[in-house]
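The block underneath contains the structure these notes are about, expressed in structure tokens.
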Amino acid sequence: MNPSVIPQTPRKRRVLSARRVILLATTIAGLGAAALVIAPGLNLHGAYPGALAQNLTEQAHKLPAPIGFADIVAKVKPAVMSVRVKVDGGSQTTGLGGENTENVPPQLREFFRRFGMPNGEEGQGGQGGMPQRGPRGGRNIITGQGSGFFISADGYAVTNNHVVEKAESVEVTTDDGKIHTAKVIGTDPRTDLALIKVEGGSFPYVNLAGSPPRIGDWVIAVGNPFGLGGTVTAGIVSARGRDIGAGAYDDFIQIDAPVNKGNSGGPTFDTEGNVIGVNTAIFSPSGGSVGIAFAIPSDTVKTVVAQLKDHGTVTRGWIGVQIQPVTPDIADSLGLKKVVGALVAEPQADGPAKKAGIEAGDIITAVNGDEVKDARDLAKKIGALPPKSNVKLTVLHKGAEKTVSLALGELPNSKEARANAESNDGNGVDIGKLGLTLAPAARVAGAGAEGVVVTGVDSSGAAAEQGFATGDVILEVAGKSVSTPADVRSAIAGAKTGGKRTVLLRVKKGDNTRFVALPVGNG
């Protein structure tokens with residue numbers, strides 16, 4: 001789920017930098033983060049007075065069109081809660097309030113880093129930055145807070161995964177100030193959503209919107225920024241379909257309603273009292289709101305919550321390919337007239353796609369007849385289907401369109417790709433204006449037996465602009481396998497002779513393979 005937006009590797013397309021994403025939970029005593037509660041919970045102090053099992057969204061629909069937002073807020077605010085969690089920091093957790101984070105568990109260092117510490121430094125305190133610590137049986141217990149909201153009268157509620165992840169215990173405080181114990185039903189790190197439940201009692205709740213908002217629509221955010229519970233802010237929908245580099249399923253609503261650390265998991269409402277999104281991150285150079293916030297759309301929330309309620313986890317369809325966007329340069333190098341689809345960089349061994357005959361360089365343009373706009377759209381379409389589903393993929397293979405039928409597998413847990421860019425024998429061959437120095441991979445220790453390894457990159461060359469680095473291995477150029485620098489030269493010359501302005505290279509970087517389009521040089 002650094003003063004900035006959710007972490008991601010820089011790409012040529014416009015993606016917010018890793019140092020610009022801030023998840024909105026906080027870890028300071030008294031500084032709260034908002035969470036969205038969707039189910040009733042244990043009421044430790046008796047029944048919720050005057051608000052038993054009511055559908056507040058339906059009541060809100062009966063209100064006249066508002067001049068301000070006071071009437072709508074009065075109706076929906078009782079469904080929003082703050083969420084307080086306790087996380088075991090381990091017996092060696094020290095220095096969280098100062099400069100020494102050496103002994104902090106790695107997952108917690110990352111957790112604190114995402115809260116927007118100045119210059120990405122961990123545990124330096126400041127508003128919303130310093131966690132509360134307390135010994136318990138020799139352990140250090142770290143307290144964090146977030147927001148949430150009820151989605152049903154029987155105590156189911158929604159919040160962010162990053163609010164309750166690894167929590168030893170979860171407590172929620174409802175709008176009337178009463179405290180309830182909550183249970184984590186399930187979490188989905190890929191969308192940063194979590195479902196929690198408060199046992200016993202009846203609670204006011206709100207509905208998830210049935211359709212997406214329009215750009216320019218008024219929205220109202222409710223949550224617990226900096227521990228200031230029950231805070232309401234308003235703004236408009238600034239954009240939809242935002243990819244901020246959080247993962248393959250990015251599809252955020254961008255809003256300009258002020259939200260801050262502590263709003264994580266809190267709802268954003270339309271003017272009819274429907275929840276159009278769950279607040280999860282802000283873009284912030286300073287660590288505070290600058291009017292750019294991101295919410296998970298309600299249609300995503302509905303799909304994920306349904307699976308979490310039934311199974312406690314989320315399963316997604318999987319075809320087993322590494323994919324990347326089709327850029328204008330790649331489209332030109334392949335002779336495409338339209339920049340659409342998802343380019344297969346590498347079919348994974350034993351995956352459904354490889355078994356069905358899909359190859360590196362193929363472009364998937366449709367799923368069950370529905371056009372694939374780009375690589376992210378393909379991931380969403382496949383991920384929305386259950387494992388074992390039969391699908392038909394429209395594939396552009398070496399210039400010819402074909403249909404491939406396959407049964408989806410189940411998306412496995414993601415594996416960390418490890419790059420090994422330290423192989424360099426110092427005896428490379430320069431490849432002209434591309435700015436690359438190459439050597440046969442078979443002659444460079446650790447580079448493998450196939451392809452040509454990059455042993456040097458000119459920082460002013462075209463290859464550097466496309467992210468080439470020492471240790472990358474070029475497997476193909478213009479669709480032809482290469483094993484020597486001479487093969488690369490020959491393939492480039494052939495592309496130039498054929499009138500190509502760009503040449504497509506298939507490149508292996510660590511455990512990942514991708515295609516890169518480079519302008520044809522004179523080397």
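Take the range 467-497 and flag every residue that is buried (at least 20 other Cβ atoms within 10 Å of the Cβ) and not in a strand (DSSP E or B).
PHE468, GLY471, ASP472, ALA478, VAL482, PRO485, VAL488, ALA491, ILE492, ALA495, listed by residue number.
Using the structure shown, decide if THR455 is of a type in the set (Val, Ile, Thr), out of contact with any His (no Cβ under 9 Å at 6 or more places or on another chain), exposed (fewer than 15 other Cβ atoms within 10 Å of the Cβ) and on the phi < 0 side of the Ramachandran plot.
Criteria not met by THR455.
I'm trying to understand the selection: among the residues of the range 208-227, which are buried (at least 22 other Cβ atoms within 10 Å of the Cβ) and under 22 Å from VAL314 (Cβ atoms)?
Across the range 208-227, the qualifying residues are LEU208, ALA209.
Can you find a residue that is at pLDDT below 75, surrounded by 16 or more Cβ atoms within 10 Å (Cβ to Cβ) and not aromatic (Phe, Trp, Tyr) anywhere in the range 404-420?
Checked the range 404-420: no residue is at pLDDT below 75, surrounded by 16 or more Cβ atoms within 10 Å (Cβ to Cβ) and not aromatic (Phe, Trp, Tyr).
Residues in the range 498-523 that are out of contact with any Lys or Arg (no Cβ under 7 Å at 6 or more places or on another chain), surrounded by fewer than 20 Cβ atoms within 10 Å (Cβ to Cβ) and more than 20 Å from ALA331 (Cβ to Cβ): how many?
Adding up the residues that qualify gives 2.
In the set GLY288, GLY273, GLY265, GLY335, which member is more than 20 Å from the chain's Cα centre (by Cα), in a loop (DSSP other than H, G, I, E, B) and surrounded by 20 or more Cβ atoms within 10 Å (Cβ to Cβ)?
On the way: GLY288 fails: surrounded by 20 or more Cβ atoms within 10 Å (Cβ to Cβ); GLY265 fails: more than 20 Å from the chain's Cα centre (by Cα); GLY335 fails: surrounded by 20 or more Cβ atoms within 10 Å (Cβ to Cβ).
None of the other options fit; the residue is GLY273.
Return yes or no: is THR300 outside the structural domain of VAL170 (by TED's automatic domain parsing), outside any strand (DSSP E or B) and within 25 Å of ALA70 (Cβ to Cβ)? Before you say what the answer is, go through the steps one by one.
Details: outside the structural domain of VAL170 (by TED's automatic domain parsing): yes; outside any strand (DSSP E or B): yes; within 25 Å of ALA70 (Cβ to Cβ): no.
In short, no.
If I filter the range 313-332 down to residues being assigned to a loop (DSSP other than H, G, I, E, B) and of a type in the set (A, V, I, L, M), which single residue comes out as farthest from GLY479 (Cα to Cα)? I'd like the intermediate steps shown before the answer.
From the range 313-332, those assigned to a loop (DSSP other than H, G, I, E, B) are 313-316, 319-320, 326-327; that's our starting set.
Add one more test, that the residue is of a type in the set (A, V, I, L, M), and what stays is 314, 319, 326.
Details: VAL314: 38, ILE319: 23, VAL326: 16 Å.
Filtering the range 313-332 for residues that are assigned to a loop (DSSP other than H, G, I, E, B) and of a type in the set (A, V, I, L, M), the one farthest from GLY479 (Cα to Cα) comes out as VAL314.
Conditions: (1) outside any loop (DSSP other than H, G, I, E, B); (2) over 21 Å from GLN59 (Cβ atoms); (3) assigned by TED's automatic domain parsing to the domain that holds ALA74. GLY177 meets all but one. Number of the miss?
(1)
Is it the case that PRO328 is farther than 20 Å from THR191 by Cα and surrounded by fewer than 19 Cβ atoms within 10 Å (Cβ to Cβ)?
yes
Filter the range 188-203 down to the residues that are under 25 Å from ALA281 (Cβ atoms) and of a type in the set (Val, Ile, Thr) and list them by number.
Listed by number, the residues that qualify are THR191, ILE196.
Go through the range 294-321 and give me each residue that's touching an Asp or Glu at 6+ places or on another chain (Cβ under 6 Å) and surrounded by fewer than 19 Cβ atoms within 10 Å (Cβ to Cβ).
Matches in the range 294-321: THR315 only.
The values are calculated or read from the model by the stated rules, or taken from the named source; none is laboratory data. Small disclaimer: the values here were computed from a predicted structure and weren't measured. Cβ atoms come from the backbone with ideal geometry, glycine included; neighbour counts cover every protein chain shown.
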